[in-house]
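The values are calculated or read from the model by the stated rules, or taken from the named source; none is laboratory data. Keep in mind that this is a model prediction, so the values were computed, not measured. Here the Cβ positions follow ideal geometry from the backbone for every residue, glycine too, while neighbour counts run over all protein chains shown.
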Amino acid sequence: MTASPYPDLVGRQRECALLDDLLVALRAGESRVQVLRGEAGIGKSVLLEYVVARATHTTVTRARGVEADMELPYASLHQLCAPFLNQVDALPGPQRDALRVAFGMAAGDPPDRFLVGLAVLTLLTRASETQPVLVVVDDAQWLDQVSLQTLEFVARRLLAEAVAMVFAVRDPEGQTALAGLPKTVIGGLDAAAAAELLGATVAGRLEKRVRDRFVAEMHGNPLALLEFSRGRSAAELAYGLDSATHRSAQGTVSSRVEQDFADRLAALPAPTRTLLLIAAAEPVGDAGLLVRAATALEITPDVEPAKTAGLIDFQGSIRFRHPLVRSAVYHQADLEERRAVHRALAAATDPTTDPDRRAWHAAQAASGPDEDAAAGLEQAADRARQRGGIAAEAVLLERAAQLTPDAWARGRRAVAAAEAHFSAAAPDRATEQATLAELCPLTSLDRARLARLRARILFARSRSDEAAPLLLEAAAQFAADRSPLARETYLEAISATVFAGRLHGRTGARAAAVAARGSGTPSSGSQAADLLLDGLAALLADEYDTGLTALRGALELLANEELPTREATMRWLLLAPVALEASIHYAWDLHAWDTLATRAVRLARDVGALGALPPALIYAGGVHIHYGDFAEAARMIDEADTIAAATGHAPHKYATLVLAAWRGDAEVAAGIIEDARASAVERGEVSLLGAMGYIQGVLFNGLARYEEALVAARSGIDHDGFNFTGLSLVEHVEAAIRCGKPDQARASLDRLIELTRAVDSGWARGARARSQALLADGEEANTLYQTAIEEFTRGRVVVEVARTHLLYGEWLRRSRRTSLAREHLRTAYDMFDGMRANAFAERTRRELIATGEHVRARVTKLAADLTPQESQIATLAADGMTNAKIGAELFISPHTVEWHLRKVYTKLGINSRRALPDALVTAPALDTREPAGDGTRQNRRQRSLRSPRTSRPR
């Protein structure tokens, strides 16, 4: 029944049936993931052996977490992928390079762990094309952090591959590991099953009273039942129960089992105990290494006594019968014994082929401060970073700092450890190391690094305005040291104020700009970054001409800058958000917005930077909202949310809210806005609260609820934020005119003109002309509306083109020029209807009816209920991309792409890829119709940007 060394699986019918079902689904080509959770000894490992034994005609690959191995990056993942490494060269280039660097097979830029995850997913998927693949991971809570994160990423991306993953996680140690994946909690055996198991292992007939007491003591834990009864007769159990359990009766069941193993260990000869300690301290299982270390300790390897005691299996290398045996061996040895073993292992480990493990053993052998050991760990940390093992880098640096005898060097290493912990998403440990660093003497440069780090930690936790003064202080320290980090930190400070939502005040964006301009800092090494800072600083000082000139230069450089290394690309991606905010809210440049956002998405995909991909997709989605392509925007937003959820990042709400406002569904938008407002208050993300003014202004103006639009837009104007002020002014002008408050409209128009006076873009000129038209009369208003349509068209701001046709039509109807009004209103209605801008479409329909035109209300009827991901995959397939390229684009496997496409074919009523372009043209997805045409994505985009017809009065 099982390959386990234990008796048949008594009392585990439910768990076995679950695993049998998993194997049935796997053989049918379906993906499955299962996490078995429970305390030590509860039977998780036996269940893993059960599923492996039943996995016939299946490729099985295994990994086991080992506590001593937790800090070596990708160690467990390398173990798991070993059977498939002959296929690495067949991977797509970025995946191949990332995996080879991660596994130390090649040198290169540190790989993003999610790109490594995609490479592992591709390896497993390709292996499954021959026969199903079963991945089995025991003691997952002890995997090195980056391996655990990568496998979790792979598990979440499985959908249509013949790959199953089964993990065993010990609780409570692993409570946070693999959270959210399908799980089964393994509890103790019930009384009947526990009694049956005990009775099957005890020599002789066990008295019921003794059996029941024993079962109760062990809480149905199978390992405890087996190990405490091992080798004991019924009589011994009857009269020796108290002595067997009394010493640790107050401890957990696993601690009792571990103590029992320790008792057996104490009876072994000293050389055998030392040999087991070597094996416990070195989990690789390399027999040659064990022999060399044993020789260094002058012992003769003899495993037979341990094997007889039931502590190990030996088949060429030592294998502990249970992780608790390894734990007992290691922790029962005294400190000096452990150090001696680590010293021998360090000497026996090849410094060329395995320098990291050698450095780790040398550090464990140290009895006090040791510069050689600390330097070795620092070098190992650098190699870990180069392989993308940021979590390992942090731990290695932390230990290096502990071993450093010189206080100045200890402070420097503690700062580096704190920075690495923060990069590894461990802000609490980063704070601990920062606190330790502050106790050491530090250079002014290290103190600046520490101040910047504390600001970053604070900003990541709350996005409040408390981070900005810390960043300004750090930037000033960098400037005093003439460090190129100064300009970069000033940009971070301004970026912090963007999200904190403060323009004025001691720590607002303008204060950061003033400090940056007066700092006289050296170049950051990036011309684009330097120009961006100069431009933002000038803009925030109200020097619009100077600022916009520098900003346009920075945007041009960012659009075309060569990025030869991954580090340069990551730096570019860090600059992109603040550059995009400036291009939108100060340059009013939709073309630059599109160019930078598109490049950000492409770069993030190319290097596998999934942390940077969701915000890039959100910015790109915002572009498509303004192009009137709500379907493409929705697809990008959905992908961003999916990736953010898979990687544990907070979702980005801005584009979701703007899209909801333009769609105009009041009930849906109200719920989304309220959720976002609560989240923003909780996180201190004040800029999102400021954005609500513009967002609700659009929503309520579309719904013709002008009083509410007036109040909302006013809040956006008064918010004192870096962004959304200009867009809120546009909404406020319209709402104020409709509410009969021309003085308020004129005040907002004056401010809008001041904000955009130096801006040379169709978007800004269109916004000015239309706002002026709302306050004008006669031929002046007529000319201004026509100008606004022309300028918005030139700027490709399609939603505003449609809206201007609506406003122009409304004005023409009130001017009794009904025929011309009807023409512009028809244009607006066709555009809004095509976008599915429902509120504006309904507002336009009512105006058309007022002109005497008969217009039927649109009834939404979905020809195809495609999900956002199905729609995105179908669009990419229609553009001619292969399944492999689509998978690389969306961080899923080609099998998952094919699975989605089959569903798309069924929903669209087609049976081939060739039919997709025409089917997508005629079938709306997500309540949004695609424009008519030849079906390619580029042509669809061009059609969405096509200038609507315009007419001048005769």
Is it the case, given these coordinates, that R510 is under 29 Å from the mean Cα position of the chain (by Cα), farther than 21 Å from E561 by Cβ, modelled with pLDDT under 80 and of a type in the set (D, E, K, R)? no
Quick check: anything in the stretch 716-736 modelled with pLDDT under 95, farther than 25 Å from T497 by Cβ and not aliphatic (A, V, I, L, M)? no
Out of V66, V35, which single residue is over 11 Å from M165 (Cα atoms) and within 29 Å of the chain's Cα centre (by Cα)? V66
Taking the stated definitions as given, is T756 among the hydroxyl-bearing types (S, T, Y), out of contact with any strand residue (DSSP E or B) (no Cβ under 6 Å at 6 or more places or on another chain) and within 19 Å of T725 (Cα to Cα)? yes
From the list V116, V101, pick out the single residue that is closer than 15 Å to L148 by Cα, under 22 Å from the mean Cα position of the chain (by Cα) and in contact (Cβ under 8 Å) with a residue 24 or more places away in the chain. V116
For the stretch 195-217, does any single residue satisfy the condition of being at pLDDT 80 or above, buried (at least 21 other Cβ atoms within 10 Å of the Cβ) and assigned to a helix (DSSP H, G or I)? no
Give me the pairs: first residue in the stretch 894-908 and in contact (Cβ under 8 Å) with a residue 12 or more places away in the chain and under 17 Å from S128 (Cβ atoms), second residue crowded, with 18+ Cβ neighbours inside 10 Å and among the aromatic types (F, W, Y), beta-carbon distance under 7 Å, and six or more apart or on different chains, which are they? none
Could you tell me which of the residues D629, D589, D530 is surrounded by fewer than 23 Cβ atoms within 10 Å (Cβ to Cβ) and in contact with a helix residue (DSSP H, G or I) (Cβ under 9 Å, 6 or more places away or on another chain)? D530
Please determine whether any residue of the stretch 731-754 is surrounded by fewer than 22 Cβ atoms within 10 Å (Cβ to Cβ) and in contact (Cβ under 8 Å) with a residue 60 or more places away in the chain. no
When you scan the stretch 587-621, how many residues do you find that are over 17 Å from E889 (Cβ atoms) and modelled with pLDDT under 90? 2
Taking the stretch 298-310 as the region of interest, how many residues are modelled with pLDDT of 80 or more, under 47 Å from the mean Cα position of the chain (by Cα) and not in a helix (DSSP H, G or I)? 1
Just to be sure, is G740 more than 26 Å from E791 (Cα to Cα), small (G, A, S) and at pLDDT 90 or above? yes
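Table: residues versus (1) in contact with a Gly (Cβ under 6 Å, 6 or more places away or on another chain); (2) modelled with pLDDT of 95 or more; (3) closer than 17 Å to V733 by Cα.
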site	(1), (2), (3)
L755	yes, no, yes
D760	no, no, no
E780	no, yes, no
T783	no, yes, no
T787	no, yes, no
L806	no, yes, yes
Being at pLDDT below 85, within 42 Å of the chain's Cα centre (by Cα) and of a type in the set (D, E, K, R): is that true of E842 here? no
Flag for P564 being without any contact (Cβ under 8 Å) to a residue 60 or more places away in the chain, out of contact with any Leu (no Cβ under 8 Å at 6 or more places or on another chain) and under 22 Å from K885 (Cα atoms): no
Just give me the residues in the stretch 90-137 being surrounded by fewer than 16 Cβ atoms within 10 Å (Cβ to Cβ) and under 30 Å from T56 (Cβ atoms), in sequence order. A90, E129, T130, Q131
Please find, among R27, R62, R32, R37, the residue that is farther than 30 Å from V341 by Cα, in contact (Cβ under 8 Å) with a residue 60 or more places away in the chain and surrounded by fewer than 18 Cβ atoms within 10 Å (Cβ to Cβ). R27
It is to be established whether one or more residues within the stretch 767-780 are crowded, with 23+ Cβ neighbours inside 10 Å, within 22 Å of V658 (Cα to Cα) and not charged (D, E, K, R). yes
